[in-house]
Amino acid sequence: MIPEQFEDIRSYTDEEIPSAMEYFTNDETSLSMAKLVLPGKSDDEVKDLLRSIKTTDEFQHIMMTRFVKLIVSTTMKSVDTQGFNLIDRKKAYLFTGNHRDITLDAFFLQMYMLENGFETCHIAFGDNLILNNTIDVFSKSNKMFKVLRSQNVRELAQNSQHLSDYIRYLIRENKTVWIAQRNGRTKDGNDKTDHGLINMFSMSGDRTDFVSNLAELNITPIATSYEYEPCAMMKARESYLKERDGVYVKKPMEDMDSIVSGIKKKKGRMNIAICPTITYDDLRQFEGADKHEIVPAVASMIDKRIYENYRLYPNNYIANDWLSGSSTFKKHYTQEEEDVFKAYCDKIFSKLYEELGSEAEKRFTEILLGIYAIPVENKLHC
């Protein structure tokens, strides 16, 4: 039984899944989505299948694997994975991943955990993305738990403690967790771990022994890379407008547009790498050190492992050469690959320049190319 204190953020238990499935059978949006992954089945057949699902694991196996495989078959060339040999099926891990797509990073990882014989992970999911009851029921059925957004410093401290307690509770219950290395997706291609995240991890557990506190969580970086960045145009546009105007206010349902766009857009190849876990032996060098020294050191350790395991594609090298005005990485791509990437960029440029005007051309180009180019620099200097 999950402690009552986590009622406001937790995902569903197996006992709650039948009610969730019954909700889906009476919700038109849910039925439409289910029929996408169950082609050729009638409404009654889809409803019967949903009603047959009794546990979260069955929901993962029956619905989510079909959903992710549909995305792979319709929008991707291939998906590669590494590092499953580095983790133990009998242990729980705190996966701390770079964050490129709102939902797909974790959804893909869940599916490949299943394919490699692991129990799927629980996913941290911002409550700002719970836009309606259907999303709420779906997320809880998919082992997703809420990260409560904060309005002030007091709420931030309370919500951070609450989240930290729940994550450690899951780890101690031998449940693996995935959480992004920062608040929100990487908009500029620079995967950097938020120091506040490490502080949040440490708020639960033994506060007198910071090293043992973090070691208990089995922090394991995850490096996710896409050949074609999901929502690159939307990310570059947001970054440009925020830089130009000093602030960026999202439109209603803009997050949902990003979720749908990430699912539907062509992504080419993808790579998911489970990096080496940060162990007690890695952390013991910090015994006796001040917390303010340890936090940035652990964040840098996560970053370094992500950079080392990040898969670079021709687009990354092309963008880096274009930004530097050189041919430093020419050996990593062909003329045909460069032409294809140019056509991709030109299509984005034409759409955005029509909206933003010609004055945006130089800076917007730099921002878009930076999404692809910065990972090259990070990998070179890690």
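I need the full set of residues from the range 51-85 which are of a type outside the set (S, T, Y) and touching a Ser or Thr at 6+ places or on another chain (Cβ under 7 Å), in order please.
Of everything in the range 51-85, those that are of a type outside the set (S, T, Y) and touching a Ser or Thr at 6+ places or on another chain (Cβ under 7 Å) turn out to be R51, F59, Q60.
Condition (residue is within 30 Å of G196 (Cα to Cα) and in contact with a Gly (Cβ under 7 Å, 6 or more places away or on another chain)) applied to the range 316-329: is it met by at least one residue?
Scanning the range 316-329 turns up no residue that is within 30 Å of G196 (Cα to Cα) and in contact with a Gly (Cβ under 7 Å, 6 or more places away or on another chain).
Out of all the residues in the range 207-236, which are open to solvent by 50 Å² or more (accessible area, probe 1.4 Å), under 15 Å from T186 (Cα atoms) and either touching a residue at least 60 places away in the same chain (Cβ under 8 Å) or assigned to a loop (DSSP other than H, G, I, E, B) (or both)?
Within the range 207-236, M233 is the sole residue that qualifies.
Tell me which residues, restricted to the range 255-295, are open to solvent by 10 Å² or more (accessible area, probe 1.4 Å) and of a type in the set (S, T, N, Q).
S261, T277, T279, Q285
Going through the range 77-110 one residue at a time, which ones are in a loop (DSSP other than H, G, I, E, B) and of a type in the set (S, T, Y)?
Hits for the range 77-110 are Y93, T103.
Scan the range 173-206 residue by residue and report those that are open to solvent by less than 30 Å² (accessible area, probe 1.4 Å), in contact with a Gly (Cβ under 7 Å, 6 or more places away or on another chain) and on the phi < 0 side of the Ramachandran plot.
Matches in the range 173-206: W178, A180, Q181.
Please determine whether any residue of the range 268-287 is modelled with pLDDT of 90 or more, closer than 22 Å to A319 by Cα and of a type in the set (K, R).
yes
With the checklist (1) open to solvent by 60 Å² or more (accessible area, probe 1.4 Å); (2) under 17 Å from K266 (Cα atoms) in hand, flag the one item E336 doesn't pass.
(2)
Every residue in the range 141-166 that is in contact with a Ser or Thr (Cβ under 7 Å, 6 or more places away or on another chain) and open to solvent by less than 60 Å² (accessible area, probe 1.4 Å), please.
Once the filter is applied, which keeps residues that are in contact with a Ser or Thr (Cβ under 7 Å, 6 or more places away or on another chain) and open to solvent by less than 60 Å² (accessible area, probe 1.4 Å), the range 141-166 yields S141, K143, M144, F145, N159, S164, D165.
Test D101 against the stated conditions and say whether it is closer than 15 Å to I222 by Cβ and out of contact with any helix residue (DSSP H, G or I) (no Cβ under 8 Å at 6 or more places or on another chain).
No.
From K242, K235, grab the single residue that is over 20 Å from A180 (Cα atoms) and under 23 Å from the mean Cα position of the chain (by Cα).
Numbers: K235 fails: over 20 Å from A180 (Cα atoms).
Only one candidate qualifies: K242.
Collect the residues in the range 111-129 that are part of a helix (DSSP H, G or I) and surrounded by 22 or more Cβ atoms within 10 Å (Cβ to Cβ), keeping them in residue-number order. Full working, then the answer.
First pass over the range 111-129, keeping only residues part of a helix (DSSP H, G or I): 111-115, 127-129.
Correct list: M111, M113.
Please specify each residue of the range 35-76 satisfying the condition of being surrounded by 12 or more Cβ atoms within 10 Å (Cβ to Cβ), among the hydroxyl-bearing types (S, T, Y) and assigned to a helix (DSSP H, G or I).
T56, T65, T75
Quick check: is even one residue across the range 90-105 more than 17 Å from the chain's Cα centre (by Cα), crowded, with 19+ Cβ neighbours inside 10 Å, touching a residue at least 24 places away in the same chain (Cβ under 8 Å) and farther than 17 Å from K267 by Cβ?
Within the range 90-105, one or more residues are more than 17 Å from the chain's Cα centre (by Cα), crowded, with 19+ Cβ neighbours inside 10 Å, touching a residue at least 24 places away in the same chain (Cβ under 8 Å) and farther than 17 Å from K267 by Cβ.
Considering every residue within the range 9-23, establish whether at least one is open to solvent by less than 40 Å² (accessible area, probe 1.4 Å) and over 21 Å from T120 (Cα atoms).
Pass one, the range 9-23, residues open to solvent by less than 40 Å² (accessible area, probe 1.4 Å): 9-11, 13, 17, 20-21.
So of that shortlist, the ones also over 21 Å from T120 (Cα atoms) come out as none.
No, the range 9-23 contains no residue that is open to solvent by less than 40 Å² (accessible area, probe 1.4 Å) and over 21 Å from T120 (Cα atoms).
The values are calculated or read from the model by the stated rules, or taken from the named source; none is laboratory data. Not measured: the values here are computed from a predicted model. Positions of Cβ are generated from backbone atoms using ideal geometry, with glycine treated the same way; all protein chains shown enter the neighbour counts. Accessible surface is based on the protein model in full, side chains and every heavy atom, while ligands, DNA and RNA are left aside. Shrake-Rupley method; radii C 1.70, N 1.55, O 1.52, S 1.80 Å.
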